[in-house]
Amino acid sequence: MDLEKSEVISWIKTIVFAVVLSVGIRVFLFTPVSVEGASMMPTFENEEKVIVNIIGPALSDYNRFDVIVFKAPSGKNYIKRIIGLPGDRVEYHDDELFINGEKFDEPYLETNRAELLDSGDLTGDFTLQDTLGEEVVPEGHYFVLGDNRRYSSDSRDIRVGFVAQEKILGTVPVVVWPLPNARVIKD
């Protein structure tokens, strides 16, 4: 009987340890998130499951073109791409991105540009002043855009606006579901 009791206690300890470990990993390192909508297509498809790296960005800064998940003012989690860092002047002219007066290429937009059915721009002209009333991205904030620019609610929308760093959950390094779509995300 003592042997059976010892074995039961051992199993309980193992199960408790496994639960604590998995909760710890989910809360402090990585957490799964579902993609909702088409705003990041083709980088992410609707209903794909991604893993959000929570710990990595806490140890270093976010970088331009990182794909992040953040808590939007609506309370939902949004997945977008960082375009403007604190202090940046961001503008679009003739479907080209300019940051602090320097033109930046966005190769992740090529598929969407190629699939346009009209002769219009993927990303309409704007400046931060025009859209959000600021000359530069405020300190502690980021300017984000969806990759599917015509169908994205992002920093150009006053309801989203600049994203405060404390609202960012983390970066998105991988898609894990459905399995045929599993992949590492590259800038």
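We did not get these values from a lab; they are worked out from the coordinates using the rules stated. None of the values given here were measured: they were computed from a predicted structure. Here the Cβ positions follow ideal geometry from the backbone for every residue, glycine too, while neighbour counts run over all protein chains shown.
For the reader, a short list of remarks on this structure follows.
- Counting neighbouring beta carbons within 10 Å and listing from fewest to most, the residues VAL137, VAL8 come out as VAL8, VAL137.
- Across LYS71/LYS103; LYS103/LYS186; LYS49/LYS167; LYS76/LYS167, pairs whose alpha-carbon gap is larger than 18 Å: LYS71/LYS103; LYS103/LYS186; LYS49/LYS167
- Amide proton proximity set for GLU134, modelled H, under 5 Å, gap of 5+: GLN129
- Backbone phi angles across the stretch 70-83, fed through the Karplus curve with coefficients 6.51, -1.76 and 1.60 (θ = phi - 60°), yield HN-Hα couplings of 9, 7, 6, x, 6, x, 7, 8, 10, 10, 8, 10, 6, 10 Hz in residue order; Gly and Pro are listed as x.
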